[in-house]
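Below is one structure; the comments refer to it alone.
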Amino acid sequence: MGGETCTVCSEAVSKYKCPTCRAGYCSVKCFKLHKLEPCAPPDHSTPAAAPNKDRILKQSEQERIGGDDEEEEKHRLTPSDLQKLDESAQVKQLLMNPNTRALLEIVRKDPNPVEAIRALRQRPDFEELAQALIGATDYNG
Ligand SMILES: [Zn+2]
Ligand SMILES: [Zn+2]
């Protein structure tokens, strides 16, 4: 470092650099002369804003995708849905029914509950329970 010439007088070796534009100067006198004209940081005007904008766009895109996930989440049972099931008088009544409890026990004990439910849905009494459960989660609010 130190071979550069003063950008103001072009005679002496520049010992210092302008904190704003990084232009070298040799003395306070030259610095004051340099400061007579406004200067700007050398990389201030480079297109650094463009990739930033892209990043923001991508971010909002991700937020949109995240929103879709949330939308899908609504179709699953949430704790509040389970709360609604708990509060549903119809469901409660059905759960008081030993037949309903037996049906649920079949599902619970089956190694393949999905298949068990599919088979049970052929039975009108199970279908009644299924409709009650669906009704309690979807229309109780
Ligand atoms: Zn100078
Ligand atoms: Zn400067």
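Right, Glu87: modelled with pLDDT under 75, surrounded by 11 or more Cβ atoms within 10 Å (Cβ to Cβ) and over 22 Å from the mean Cα position of the chain (by Cα) or not? So Glu87 fits the description; yes.
When the stretch 121-141 is filtered for residues that are among the hydrophobic types (A, V, I, L, M, F, W, C) and at pLDDT 85 or above, nothing remains.
Taking the stretch 94-141 as the range and being touching a Leu at 6+ places or on another chain (Cβ under 9 Å) and either loosely packed, with under 11 Cβ neighbours inside 10 Å or β-branched (Val, Ile, Thr) (or both) as the test, the residues that pass are Thr100, Ile106, Val107, Thr137. Of all residues in the stretch 10-46, those being within 13 Å of ligand 2 (Cβ to nearest atom) and not in a strand (DSSP E or B) number 21.
The values are calculated or read from the model by the stated rules, or taken from the named source; none is laboratory data. If you're wondering where the values come from, they're calculated on a predicted model, not measured in any experiment. Because the Cβ atoms are built from the backbone with ideal geometry, glycine has one as well, and the counts that use them run over all protein chains shown.
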